[in-house]
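> Supplied in structure tokens, the structure appears directly below.
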Amino acid sequence: MKKAGLVIVILATVLGLLQFFGPEEPEYAPVNDLAGLPGEVNSIIRNSCFNCHSTQINLRWYDKLTPANYLVYDHVLKGRKALDFSKWDSLTPQAQNGILYYSLNKILEGEMPLASYNAVHPDAKLTDNAIQTLKNFLLTRTPRKSAESAQISNVNQQFSNFISGKMALSKQAVQPSPNGIEYIPDYRKWKAVSISDRFDNGTMRIIYANDVAVKAIKERKINPWPDGAILAKAAWKEQANADGSISTGQFWQVEFMIRDSRKYASTKGWGWARWRGSDLKPYGGTAAFITECTSCHKPMKDNDYVFTKPLYLMGHLPNNNKK
Ligand code: HEC
Ligand code: HEC
């Protein structure tokens, strides 16, 4: 009994002394409500995300104790660096929509708020109601109007040209990207490994992988991806049909990431290229356009700069799962 008492006294003393040490508290500045968002959306984000994604931090006393504060402040600084809602007003409406959409995905995947944070701040975890509120709000930012029949037949023609390969008969017919990368017409025949529906900006995408990349996916050797792997992403404008269904509309663009760790060492080991519109115009005035690609893909640096998590379908399961 006595011994236990002594241990507690020593522990308390050590913890007490520790409070003279510790990291500097992150900068604090109040943040206005995010313009353009309804009150209920503002309060969800303020309540669950501001501590790590804005300068308006409201930490509990126990967050500030050494040694917990080392971890907490590190989350605050890293989180703020990745996404800072204090800078909301300086963003274009498209960028704001993109952030909200990306945030919703992080929430749905259970990645945000961080699990370790939810454990000690249970009220920060989003309720199903709160998630539905965010979804409903995002849908109002991009209302869907049904298309005219002329537009529908135009788009159908375009899609059949895409399928048949008429859209780009050969790579000679399409100018190379300003960084010298040549168009790869065959991507349409590759395996589709994922799809995404960006309802925030009204586009639908298919992510394709060439044989080398598909093999790497099967073997789960995709971090890093092997040389020779190519990922393509084709995007269409969404088209709302009179019956309420959504289908692909105008062809928007196709992008490639081509793995060659030596040739493309200066651009994160990937060759980047994009062609816009159904006439496949190379994107970017000069080779400097690549910085646009790499800076937006940079948050995925620990995932070899790739966003897509390939869908593992039955036929894709690696052998060791067959038992
Ligand atoms: C305890 C701190 C913490 C809380 C609370 C938190 N986040 Fe994060 N968040 C982080 C950290 C740290 C990162 C950076 C992760 C990394 O660098 O890998 C991050 C990254 C993100 C990213 C990715 C940004 C990028 O460019 O990669 C999004 C989006 C995001 N958070 C959204 C949210 C939303 C929405 C909420 C509230 C529902 C939230 N987070 C709550 C700490 C937090
Ligand atoms: C505004 C941010 C942003 C910019 C700029 C950007 N990308 Fe992406 N890219 C994404 C996101 C997010 C995905 C994930 C798929 C999706 O949601 O469409 C993606 C996916 C891809 C993919 C499929 C593989 C993967 O990482 O998932 C390719 C290929 C690709 N991008 C190429 C490019 C090229 C080439 C450029 C530059 C011309 C570029 N991207 C610029 C955000 C961006």
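Please treat every number below as a calculation from the coordinates, not as lab data. Remember, it's a predicted structure, so these values are computed and weren't measured experimentally. No Cβ is skipped: glycine too gets one built from the backbone with ideal geometry, and neighbour counts run over all protein chains shown.
> Roughly how many whole Å is it from the C-alpha centroid of the stretch 207-254 to that of the stretch 17-79?
37 Å
> At 7 Å along Cα-to-Cβ for each site, give me the label-to-label distance between MET300 and ALA82 in nm.
About 1.5 nm, to one decimal.
> Please report, for the Cα atoms of the stretch 1-125, the Rg to one decimal and the Dmax as a whole number; what are they, in angstrom?
So, for the stretch 1-125, Rg and Dmax equal 18.1, 65 Å respectively.
> Note the full-extension length gain between GLU27 and SER247 as 0.36 nm times their separation in residues minus their Cα-Cα distance, in nm to one decimal.
Fully extending the segment from GLU27 to SER247 adds 74.5 nm.
> Past 31 Å, Cα to Cα, is the threshold; run LYS191/LYS281; LYS87/LYS301; LYS87/LYS263; LYS191/LYS301; LYS145/LYS298 against it and keep the listed order. Provide the component values of the computation, followed by the final result.
Working: LYS191/LYS281 24 Å; LYS87/LYS301 23 Å; LYS87/LYS263 37 Å; LYS191/LYS301 24 Å; LYS145/LYS298 34 Å.
Listed pairs above 31 Å: LYS87/LYS263; LYS145/LYS298.
> Sticking with this structure for a sec: Suppose R0 equals 41 Å. What FRET efficiency, 1/(1 + (r/R0)^6) with r the Cβ-Cβ distance, do SER153 and ALA115 give to the nearest 0.05?
Numbers: r = 50 Å, r/R0 = 1.21.
Efficiency, from the Cβ-Cβ distance: 0.25.
> Now for a different question. For LYS268, go through the aspartates and glutamates and keep the ones whose alpha-carbon is under 17 Å away, minus same-chain ones fewer than eight residues off.
In chain and number order, the partners are ASP227, GLU255, ASP260, GLU292, ASP302, ASP304.
> Among the complete DSSP H segments of the chain, which ones combine at least 18 Å of alpha-carbon extent along their axis with a mean Kyte-Doolittle hydropathy of 1.6 or more?
Membrane-span-like by this criterion, though nothing is claimed about a membrane: 2-18.
> Let me ask something additional. Within the stretch 17-57, what residues put their amide N at less than 11 Å from the label point 7 Å along the Cα-to-Cβ vector of ASP123?
Counting only backbone N, you get 47-48.
> Using modelled amide H (1.01 Å from N, peptide plane; none on Pro or chain starts), what sits under 5 Å from the amide H of TYR208, excluding residues fewer than 5 places away?
VAL193, ALA232, LYS233, ALA234
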